[in-house]
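These notes concern the structure reproduced below.
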Amino acid sequence: MAMEGGKKAKSTQNSNSNPLILSITVSEERCDEVTSLVFDLFANLGATEEQLDFPVLYASAKEGWASSGYTKSPPEESKNMSDLLDTIIRHVHPPEANLDAPFQMLVSMMEKDSFLGRILTGRISSGVVRVGDKVHGLRITDMGVDKVEEGK
């Protein structure tokens with residue numbers, strides 16, 4: 001479990017990212033209630049003090065803005081995602097990877113597009129890949145490693 005490993009917990013409402021993001025389509029009281037419920041959940045799961053100190057953002061995906069303070073309508077110059085991006089930079093640590101090693105990625109999803117071809121989505125564990133680089137799809141079997149396909 002993430003809490004036991006000392007990792008920052010990820011919790012969202014209307015989003016799939018870290019920190020806690022609350023939709024402004026609900027009242028300020030409801031946002032406070034949800035924040036309190038998430039805090040209680042983390043505490044009951046054995047979160048550390050650092051994990052309980054999670055940032056809270058209020059956002060409107062429809063209008064394309066996020067804010068660190070509750071507001072139904074921020075000033076025009078603040079209607080952007082800079083608070084969200086700044087919070088991610090401050091609180092989400094970059095992955096540890098060896099950029100000098102050969103490119104490796106654990107594929108979690110494969111798609112096929114009639115225009116783009118095969119699309120692989122996954123987690124890069126080492127190396128760097130650039131546009132035009134050849135990529136080999138490998139599969140581990142009982143007999144060893146098989147090359148499934150090659151592409152760019």
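The values are calculated or read from the model by the stated rules, or taken from the named source; none is laboratory data. Quick caveat: nothing in here was measured; it's all calculated off a predicted structure. Because the Cβ atoms are built from the backbone with ideal geometry, glycine has one as well, and the counts that use them run over all protein chains shown. Accessible surface is based on the protein model in full, side chains and every heavy atom, while ligands, DNA and RNA are left aside. Shrake-Rupley method; radii C 1.70, N 1.55, O 1.52, S 1.80 Å.
If the condition is being aliphatic (A, V, I, L, M) and open to solvent by 50 Å² or more (accessible area, probe 1.4 Å), then segment 19-49 contributes 37, 41, 45. Being without any contact (Cβ under 8 Å) to a residue 12 or more places away in the chain and open to solvent by less than 100 Å² (accessible area, probe 1.4 Å) is the filter here, so list the residues in segment 131-147 that pass it. Across segment 131-147, the qualifying residues are 141, 144, 145, 146.
When the strands (runs of 3 or more DSSP E) confined to segment 51-152 are screened for residues that are farther than 30 Å from residue 29 by Cα and of a type in the set (Val, Ile, Thr), those reaching at least 3 such residues are found at 117-126, 135-141. Scanning segment 121-139 for residues that are touching an Asp or Glu at 6+ places or on another chain (Cβ under 8 Å) and of a type in the set (A, V, I, L, M, F, W, C) returns 135, 138. Residue-level check: of (1) touching a strand residue (DSSP E or B) at 6+ places or on another chain (Cβ under 9 Å); (2) over 26 Å from residue 54 (Cβ atoms), residue 78 misses just (2). Each residue in segment 113-130 was checked for being open to solvent by 80 Å² or more (accessible area, probe 1.4 Å), modelled with pLDDT under 90 and more than 17 Å from residue 97 (Cβ to Cβ), and 2 of them qualify. Selection within segment 57-112: residues that are closer than 30 Å to residue 140 by Cα and among the small types (Gly, Ala, Ser). The member of this set that is modelled with the lowest pLDDT is 97.
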